[in-house]
Amino acid sequence: MYTLNKQSSLSKARRGVVSTTHGDLQTPFFMTIATKGAVKALAPEDLKRIKVPIVLSNTYHLMVRPGLEAIRRRGGLHKFMNWSGPILTDSGGYQVFSLGKMRKVSEDAVVFQSHIDGDTIELSPESSIEMQQAIGSDMMMQMDVVLAPDVSKDEARGAMEQSVRWAKRCRDYLNSHRDDSMTKDQKLFGIVQGGVHEDLRAESVDGLVELDLDGYAIGGLSVGENVEDNLRVAEFTASRLPEDKVRYFMGGGKPEEIVAYVKMGIDMFDCVIPTRHARHGSLFVWSGEVTPELLNGDEFYKKMLIQNAEFEDSDEPVDANCDCRLCASYTRAYLHHLFDMKEPLAERLATEHNVRFYMKLMETIREGVESGAI
């Protein structure tokens, strides 16, 4: 699945290719969030125009609505949402974790109440893979146990060990049901757990690597722990993952964090930050001409709150260093006006801009690894 093409001499940053049924992905790359089968405010043709290579959808939400059989009848999510590029699906573990008291975890499965209508739903490692097969995602995540960062070490160990056992169940089910998939040769990722404890992370890595999965994700971070622990654990875990497999940091998303994770040797990223910030009028703006050297600085971007009064009469583009439709055709004053009037176009233009910022970030990172600047 993964081919390593270039190793930086300055850091652990890597350039490679991830091969999927729906196309090759140049690493490092960022996955735009399409939780329920759509990127909020953008159509698939918008995504293609701004060079989005892959989207991430969520098993839990698609299982609740429209449901497994509805997705299966329509030939999988690619056809349903008219998206021809690769799709990765999260197993739903994090969403179930967020339900709190509405869920009950056992060795066999998680039983929880639907956030839509309160119906009781059971999600097991096997049913999670079955749903992801119906979706037809190119890359699927194992079902794992996610806990808050402040749990005891014993609780973290229990969740980690159960996640490794569930990874094996996911692998075994997938291998015995390959013919049920909408997508040829689906890939399965294991998720490294263990909280902020390095010894538990090491045990998790060892257990998952023994299963010889297609890729490995660093999970259970960006869920409330402090930044120092986040970076420490991410670097420790990345250093122990196989060099010949793709590495994925789940949910880590600020631009400067992505640059830091890339320098640790991590290849894949996702986050709601670009789309969520856009809907609230917070735009990412480059601090200068976009080059790999710029990314090595402390402040290579800033956030613009377009609804602030200072932009009401500004006829400048949002970002002179951006090539998105917003920056090429409209002014800060116009976008300010659209948000002020609560026009839907405001969210669409702002979302396209922020997502394009992240795509340009990844393009520049890849250029920097190739040139030896990162």
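The values are calculated or read from the model by the stated rules, or taken from the named source; none is laboratory data. Only a predicted model underlies this, so the values are computations on that prediction, with no experimental measurement involved. Cβ: placed from backbone, ideal geometry, glycine included. Neighbour counts: every protein chain shown. Just the protein is used for accessible areas: all its heavy atoms, side chains included, with ligands, DNA and RNA removed. Shrake-Rupley method; radii C 1.70, N 1.55, O 1.52, S 1.80 Å.
Two numbers describe the Cα atoms of the chain: Rg and Dmax, which are 20.5, 62 Å.
Site pair residue 226 and residue 116 shows an inter-label distance of 4.2 nm when each label is modelled 7 Å from Cα along Cα→Cβ. At an R0 of 35 angstrom, the distance between the Cβ atoms of residue 342 and residue 43 translates into a FRET efficiency of 0.95. Relative to the longest principal axis of the Cα atoms of the chain, the long axis of helix 125-135 makes an angle of roughly 50 degrees. Solvent-accessible area of the range 236-314 (1.4 angstrom probe, protein heavy atoms only): carbon and sulfur portion equals 43 percent. By the Cβ rule of 4.7 Å, the chain holds the following cysteines without a possible disulfide partner: 170, 271, 324. Could you check how much of the accessible area of the range 155-212 is carbon and sulfur, as a whole percent, using a 1.4 Å probe? Carbon-and-sulfur percentage of accessible area, whole number: 44.
The angle between the Cα long axis of helix 344-371 and the longest principal axis of the Cα atoms of the chain comes to about 80 degrees, rounded to the nearest 10. Stretched out straight at 0.36 nm per residue, the stretch from residue 108 to residue 289 would grow longer than its current Cα-Cα span by 59.8 nm. Between residue 5 and residue 325, the contour length at 0.36 nm per residue exceeds the Cα-Cα span by 111.9 nm.
When the listed pairs 48/187; 263/342; 245/360 are checked against a 31 Å cut-off, the alpha-carbon distance exceeds it for 263/342.
In this structure the chain gives 42 Å² per residue of accessible area when probed at 1.4 Å with all protein chains present. The trypsin sites (Lys or Arg not before Pro) of the range 91-195 that meet both conditions, a loop assignment by DSSP and at most 11 other Cβ atoms within 10 Å of the site Cβ, are 184. Packing-based ranking of 292-298, 355-361, 21-27, 219-225 yields 355-361, 219-225, 21-27, 292-298, ordered from highest to lowest mean Cβ neighbour count within 10 Å. Centre-to-centre, using Cα atoms only, the range 163-180 and the range 29-88 are separated by 23 Å. Note on the chain: helix-only mean residue ellipticity at 222 nm, from DSSP H runs of 4+ residues weighted -39500 (n - 2.57) and normalised by residue number, equals -12000 deg cm²/dmol.
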